[in-house]
Protein chains: 2
Amino acid sequence: MISVEEAQESILSRIPILGRERIYIADALGRVLAEDVFASRPLPPWANSAMDGYAVRARDIAEASPESPATLRVIDEIQAGFESDKSLGPGDAIRIMTGAPIPGGADAVVMVELTECGGGDEVRILQAMPEGEAIRAPGEDVRKGERVFEAGAILLPPAIGMLAGMGRANVYVTRRPRVAILSTGEELVELHEEPAPGQIYNSNSYALAAQVREAGGEPILLGIARDNAEDLESHLRDGLAADLILTSGGVSVGDFDLVKSTLGDLGNEMHFWRVRMKPGKPMAFGTLEGRPVFGLPGNPVSTMVSFELFVRPALMKMQGKSILHRPLVLARLLAPLSKSPERRHYVRALAHWEEEGWTATAVGVQGSNIIQSMVRANALIIFPEYETELAEGCQVQVVLLDEGAALGPRPDPDALVAAPRNAEI
Amino acid sequence: MISVEEAQESILSRIPILGRERIYIADALGRVLAEDVFASRPLPPWANSAMDGYAVRARDIAEASPESPATLRVIDEIQAGFESDKSLGPGDAIRIMTGAPIPGGADAVVMVELTECGGGDEVRILQAMPEGEAIRAPGEDVRKGERVFEAGAILLPPAIGMLAGMGRANVYVTRRPRVAILSTGEELVELHEEPAPGQIYNSNSYALAAQVREAGGEPILLGIARDNAEDLESHLRDGLAADLILTSGGVSVGDFDLVKSTLGDLGNEMHFWRVRMKPGKPMAFGTLEGRPVFGLPGNPVSTMVSFELFVRPALMKMQGKSILHRPLVLARLLAPLSKSPERRHYVRALAHWEEEGWTATAVGVQGSNIIQSMVRANALIIFPEYETELAEGCQVQVVLLDEGAALGPRPDPDALVAAPRNAEI
């Protein structure tokens, strides 16, 4: 059995970064740039006015004050979107709107609040201004030729606005990984079916599909494979259209041989199949025709936790992201924990940021089949391999699964415990 | 001029929660439940084995030990997905796989590692087990009739797995807001056009569309309206198909009359049109035929910051979310800031979580036309209205725009400053 870190290293060393595709910037939110972007023109493209007012020659108003205004002749008016074909000579001013190009000869703008109408075509300037006042220089945001983005940048809204501002309608981004998802087991039925005695609904495919989407991938549902080599092989072949294959179930001691041997028959090279952690010890990782294959355990919580620790970083790397892992913070433990030694535990928990730091507390029953506690958790407390007791107040490492919630209002303590109504088994 | 808090209160008091729609759970990631979900059956649905082993009667193996094993007769084998029609009598055992239903008469499961093959149909049990050992009780995760989710719950992957586990293929969720986005101004051209002198690309529509998507809404691009009443009115009428209308530009002192009067002609009731903040002072909010209308300023950064503070919380409320605002944290200021009094500033910044707490530092040039600093920022420092100096080391309130990045690896200090290459204006 290998450690979580050894497993992550084994996985990430074998994960390729996917190729690129050119997409419309309106569809690019959250995508990863796959090109360096250089500015083909400066931003702003030309000197323009930062406010509504009058373009002037600073030297003409050097002595202006409310008591002794400088009177200038208004020779034109420039709306945003237009240029003036006039140029300022001594004693001239041009009325100018925010964003309009500065006319020739002008070297300052006086905001309209510091002027008075002088009657006819005259304006009275009430205050002296330094050269450059209220003028936005060309290229003060982006210079022509500047590398504005490096490949690897994540396209959040301001970046998309910047690309639009430079006139870029399309950009190269790394492809989103297509992820084939296969549930295995004789006990599983699809949501439209009625479970017979001994059967349960296939829930892992849906949880995994949502995790894949949240991680930026495109889920492909391969359905349910029964516990025989033909059915398993036929479903796994469908998965070869994907960039990465996930199976759930059929990897514990007794069952695993079938999945392992079927993968082997297809040419899979297995890198490891057990990790020293709980939940999620039975976790296999291999390579099949060049694509990563994860054999995740079948218990719903083990499936989801294994995805978080191993598959999500792989999907992040495939997309060319630089941050592969969830945020890890040190938190003060609010209630003690105990376990047996040897395996590291990932304890479903509620983390919360307080003004004095992070806190964390286990939430709900921790059995690997108990989905409720995973639903309630926003974090996983790392309970180290060889520790057996963690006292209240200890500093523990915590993986944040939902940092927004952890940074939000304090969770309602009543919500920590299931409060069933009309309970009846 | 009203304060940011007064503006937010004015807005949120007038924002409705949208109606609901029924969708497939595979499409429900991140959506907000619009129904209470009760369990129509327990989870697990019946007692089942937590491991591969033998179902036994605990009293039959009460004296078992490695030296003196209890020998039982194996009368059946149960795979997951099937029931046994046999029941255990004294001295009987049934081979059972993880997840398979516990047979009648059995009250414990002994894991296979604590047994030995006894030859023929016999198994030797090497250890006594308490009643209930390795048996998952029906309803231990979810009891029948239990309210598993309340309306308002956000459907993250574990919740989607839980819904699938209960056989729910579809759920009611709150509709996503459709948000009409209109840019105004004679100076704007679309991305496929070549700007004439004095013209610039329409970038606000793209930044806003991305912000709308990030906030869970569906953007509808209405294009560019020119500065005349007919064009503005015709575009605004298109926006009446949406749940909320955003305009950008045309709300500063001189220009605003046209947008304001055109909206008024259409029946808009204006609630406020200036907020005591920077960037983003000219920000109008009204109600047009029952739908919220936001007149956002035209400077790109003002547009985005106004969206963050005013539109995003409104979209969150429309979706029925309980957390409306971005996380707010106290951070230690790494470099001093100064400003003039009166307006509150939202300073583009890099926030970072250190083991001893949050830090924040302003990033880049803060002009409201400088998009680069908004691209680089992951947070906004709140510089209060009547303060003019904030010293290094001060505690400041910080709005986190990208908590993942703020909790990730420390930002590269070289990335704080623009490092243009081949610069040429």
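The rotation axis bringing chain B onto chain A passes closest to the chain B residue reported with its distance as B:Glu403, 2, by C-beta distance in whole Å. Along the Cα-to-C-beta direction of A:Arg410, a point sits 7 Å from the Cα; which residues of region A:345-388 have their amide N less than 17 Å from that point? The answer is A:350-362, whose backbone nitrogens lie closer than 17 Å to the label point.
Can you pick out the pairs among A:Lys317/B:Lys278; A:Lys144/B:Lys339; A:Lys260/B:Lys86; B:Lys260/B:Lys317 whose Cα atoms lie more than 28 Å from each other?
Working: A:Lys317/B:Lys278 38 Å; A:Lys144/B:Lys339 30 Å; A:Lys260/B:Lys86 32 Å; B:Lys260/B:Lys317 26 Å.
The pairs that break the limit, which is 28 Å between Cα atoms, are A:Lys317/B:Lys278; A:Lys144/B:Lys339; A:Lys260/B:Lys86.
Relative to the other identical copies, B:Gly120 shows label-point distances of 12.8 nm, where the label point lies 7 Å from Cα along the Cβ direction and values run shortest first.
With a sphere of radius 10 Å drawn around the Cβ of A:Leu126, what net charge do the other residues whose Cβ falls strictly inside it have (Lys, Arg +1; Asp, Glu -1)? The partial results should precede the final answer.
Values: positive: A:Arg124; negative: A:Glu67, A:Glu113, A:Glu116.
Around A:Leu126, the surrounding residues sum to -2.
Here A:Cys394 sits with roughly 40 square angstrom of accessible surface, probe radius 1.4 Å. Per residue, chain A exposes an accessible area of 40 Å² to a 1.4 Å probe, with every protein chain left in place. When only alpha carbons are used to place a centre, region B:92-135 and region A:337-371 end up 31 Å from one another.
The alpha-carbon of B:Lys281 sits under 12 angstrom from the alpha-carbons of these aspartates and glutamates, leaving out residues fewer than 8 places away in its chain: B:Glu342. Residues of region B:136-177 falling in the label zone of A:Glu190, defined by backbone nitrogen less than 14 Å from a point 7 Å along Cα to beta-carbon, are B:169.
The relative contact order of region A:48-136, computed from alpha carbon pairs under 8 Å that lie at least 6 residues apart in sequence, is 43 percent. Secondary structure note: in the protein assembly as shown, about 65% of the DSSP beta bridges are antiparallel.
Put a dot 7 Å past the Cα of B:Leu240, heading toward its Cβ, do the same for B:Cys117, and the two dots end up 8.1 nm apart. One decimal place: the segment A:Glu6-A:Ala62 gains 13.0 nm when fully extended, by the rule 0.36 nm per residue minus the C-alpha distance.
Can you list the GluC sites (Glu not before Pro) in region B:218-293 that are in a DSSP coil and have 15 or fewer other beta carbons within 10 angstrom?
Taking region B:218-293 and a limit of 15 other Cβ atoms within 10 Å, the loop GluC sites (Glu not before Pro) found are B:Glu289.
Amide H contacts for A:Leu401 (H built 1.01 Å from N in the peptide plane; partners 5 or more residues away or on another chain; cut-off under 5 Å): A:Ala379, A:Leu380.
With each label point set 7 Å from Cα along the Cα-Cβ vector, what nm distance links B:Ala229 and A:Asp231? Those two pseudo-labels are separated by 7.2 nm. Distance between the modelled labels on A:Tyr24 and B:Glu218, one decimal in nanometres: 1.5 nm (7 Å Cα→Cβ projection).
For A:Glu354 and B:Ala151, what is the calculated FRET efficiency with R₀ set at 41 Å and r taken between the beta-carbons, to the nearest 0.05? If you can, show how the numbers build up before the last one.
On the way: r = 29 Å, r/R0 = 0.70.
Efficiency, rounded to the nearest 0.05: 0.90.
Listed peptides A:304-310, A:337-343 appear in the order A:304-310, A:337-343 once ranked by packing, highest mean of other Cβ atoms within 10 Å at the front.
Here the accessible area is traced with a 1.4 Å probe on the protein chains. For chain B, carbon and sulfur cover 48 percent of it.
The values are calculated or read from the model by the stated rules, or taken from the named source; none is laboratory data. Just so it is clear, the model here is predicted, and its values are computed rather than measured. All Cβ positions, glycine included, derive from the backbone under ideal geometry; neighbour counts span all protein chains shown. Each accessible area value is taken on the protein alone, full model and side chains, heavy atoms only, with ligands, DNA and RNA left out. Shrake-Rupley method; radii C 1.70, N 1.55, O 1.52, S 1.80 Å.
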